[in-house]
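Working notes for the structure below.
The values are calculated or read from the model by the stated rules, or taken from the named source; none is laboratory data. Everything numeric in this text was worked out from a predicted model, so none of it was measured. Don't worry about glycine lacking a Cβ; one is built from the backbone with ideal geometry, like all the others, and counts go over all protein chains shown.
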Amino acid sequence: MAFSERTRWMGASPIHGWAGLDAEQRVHSCLALIADGITASPDELLGLDERAIQQVEDDQPVRLAEAYRCFLAGAGNGAGRFLQGSDVFHPRIIGVRGIAQELLDEQGLSLADDDRVILMHQGYQFDFLRGEGADPEVWSCSEGEVPERRYARFTDWLRANAEEQTNAWARLAPLYGKV
């Protein structure tokens, strides 16, 4: 999904100057968007301390990207309704790389030595970081398919999910009396 480099409304909050932000600033902008009072309240953004981030890192084959570490520090233990139904938060993110590899084993494929799995959805779909740098690519794979690159940067993946989820919850919450 391509995003305008100009200010763009996403849910109830704009992310200004996306192109000019560094990776940490982009993560914080996405977290502010998620904390819209519907998808999550600011109090529901539950970050991880360095010890817990290290647990996540120890479960992966190489050091975590800085943008992903920033996300974990800001919301790695939960973010309200954001990404409900997916194993993306601590402690459920621990061990998902092995499950992802099992899915690929069925096809005779494998994760690269430096791939870091960041999300498992219902045991059949997963997203992972590939490559080096502070804000690497995000690839996705569903059971029975080959992995494919979905986003040029982790922060683009986070922004796309934040936009999708905040827009969906803004429409759904009134139906359930959650506003």
**Q.** Residue tally, condition touching an Asp or Glu at 6+ places or on another chain (Cβ under 7 Å), crowded, with 20+ Cβ neighbours inside 10 Å and not β-branched (Val, Ile, Thr), over region 71-96
**A.** 2
Q: Would you confirm whether any residue within region 28-45 is under 19 Å from residue 156 (Cα atoms) and touching a Cys at 6+ places or on another chain (Cβ under 8 Å)?
A: yes
Q) All but one of (1) free of Cβ contacts under 8 Å to residues at least 24 places away in the same chain; (2) surrounded by fewer than 18 Cβ atoms within 10 Å (Cβ to Cβ) hold for residue 106; which doesn't? A) (1)
Q. If you take the residues in region 16-43 that are polar (S, T, N, Q) and part of a helix (DSSP H, G or I), which one is farthest from residue 65 (Cα to Cα)?
A. 29
Q.
Here is a list: 13, 4. Which entry is touching a Leu at 6+ places or on another chain (Cβ under 9 Å), at pLDDT below 95 and over 18 Å from residue 90 (Cβ atoms)?
A. 13
Q: May I ask you to verify whether residue 57 is under 24 Å from residue 131 (Cβ atoms) and not polar (S, T, N, Q)?
A: yes
